[in-house]
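Worksheet for the structure shown next.
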Amino acid sequence: PDGDDAVLADIRGTIAGLELGLAALAHDGDASTQAAAARARASLDQLDPSDEAAGLTGRAERVRTTGELGVALRALAAARGIAVRIPYRARYPLAQNGIAEPIHAFTLPAPRSDLRSGDADAMVALGRTLFFERALSPGAHRSCADCHRPDRAYADGLATPPSLDPHSAVTRNTPSLWYTSMNASQLWDGRFASAERQALRVLHSKAEMGLSEAELEAALAAHAEAFAAAFGGEAPSEALAARALVAFEIDALAPGQAPIDRYARGEAELRPALARGFDLFAGKGRCARCHVPPTFAGSRPRDFAVPVFAALGVPAAMPATQAAPAQLDPDPGRGAITKLPLDAHAFKTPGLRNVHASAPYFHNGSYPQLEDVLGFYNDGGVAGVA
């Protein structure tokens, strides 16, 4: 919802729904559902809907307790013979009950397309090998890991990476690969819906990895034994290479071990500073409107297949001073793909996982520090630098 009045109305509507759920559980349900209801009731009783919406506190705890209430209500409905459709499958089902449903909005989703069929371990191992394989570029000049460095949150620390093609430059910042396999779209302009197609695009781009299909398959032949082990005896191909690379990303680059993930699974509590930070992030800062939990990227539930694009008015270079004039970056972004005026200079919302390590920021790498980015937003985005 847009605007404080709409946000407050949305909160009040949510409260009304929770009240109905609590009333249903008051007359039925086993001990576990009653316990979930009690926790949700305690959290709800602390919520004053007359408060200023942006200033609400304790948001993380309410996400968790009201999510547990949702699980209890679905269990109650199922016990009464009502067909229940879960919002989405969880990547890490809770150990104590093995359910695959999400517990609340902090629960990481399972990959929409999990490519780790067959011998998953062998596939992930092959993907890891290919990720660091420099022979997948002309003259063994670079590997995926040269532009997606593990010590830089799988970005590269540069505004834009150097091009292998003397006739064209790379004009966009290298994004982090953390949780990218869960993104609803790939690349800054969202031109690809799957991580596999994105991987092949990079492998064939003359500016990035630069191998033709024939050259790529010749390079992959050195790993024929690993391909056979991973894919039931199949020979190397670019399609299987893309699957292996994405399997590695799913397995290694979406670990779900951040404090918010452990909190989501009930393994630890959030430190007070983190809880206050989330209140600001989801409240007054309004960051969560685009950086949507649980991936904190631009992919919306329920199926995480809807990407979020935003036209922020990012300048070509960060102004030297607040009073200095700024020139809009000419990159058309999403508009070059859709040809819609509304999408002019719009870019995909990137993920914030390990964002502290993936500087510089924005599609053109124009802001060197995270504090600079926060200042850009605090000053009103393009309105603050125009």
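The values are calculated or read from the model by the stated rules, or taken from the named source; none is laboratory data. None of the values given here were measured: they were computed from a predicted structure. Here Cβ is always computed from backbone atoms with ideal geometry, including for glycine, and neighbour counts include all displayed protein chains. We work out accessible area using only protein heavy atoms, side chains counted, and drop any ligands, DNA or RNA first. Shrake-Rupley method; radii C 1.70, N 1.55, O 1.52, S 1.80 Å.
Taking a straight line from the alpha carbon of Lys284, these lysines sit under 27 Å away, with near neighbours fewer than eight places off in the same chain left out: Lys348.
Label-to-label distance for Ala169 and Lys206 is 1.7 nm, based on points extended 7 Å past Cα in the beta-carbon direction.
So in the chain, what percent of DSSP beta bridges are antiparallel if you round to the nearest 5? Around 90 percent of the beta bridges assigned by DSSP in the chain are antiparallel ones.
D by Stokes-Einstein for the range 169-315, Kirkwood Rh over Cα pairs, 4 °C, 1.567 mPa s: 72 µm²/s.
Across the chain, the fraction of Cα-Cα pairs farther apart than 26 Å, rounded to a whole number, is 58%. Extension gain, Ala305 to Asp119, is 64.3 nm, computed as 0.36 nm per intervening residue step minus the present C-alpha separation.
Extension gain, Tyr92 to Ala336, is 84.1 nm, computed as 0.36 nm per intervening residue step minus the present C-alpha separation. Taking each residue as 0.36 nm, the span from Ala145 to Leu158 lengthens on full extension beyond its C-alpha to C-alpha distance by 3.3 nm. For the chain, complete DSSP H runs whose alpha carbons reach 18 Å or more along their own long axis and whose mean Kyte-Doolittle score is 0.0 or higher are 4-25, 59-79, 238-252.
The alpha-carbon of Lys339 sits under 15 angstrom from the alpha-carbons of these aspartates and glutamates, leaving out residues fewer than 8 places away in its chain: Asp189, Asp331.
Other residues with beta-carbon under 11 Å from the beta-carbon of Cys290 carry, at +1 per Lys or Arg and -1 per Asp or Glu, a net charge of +4. Within the shell defined by Cβ-Cβ distances under 15 Å, the residues around Ile260 carry a net charge of +4, with Lys and Arg each +1 and Asp and Glu each -1. Ranked from largest to smallest solvent-accessible area, with a 1.4 Å probe on the protein heavy atoms, Lys348, Lys206 come out as Lys206, Lys348.
For the range 120-157 and the range 282-330, write down the distance between their C-alpha centroids in whole Å. So the separation of the two Cα centres works out to 28 Å.
Helix content alone sets the calculated 222 nm mean residue ellipticity of the chain: runs of n ≥ 4 DSSP H residues at -39500 (n - 2.57) each, divided across all residues, give -11500 deg cm²/dmol.
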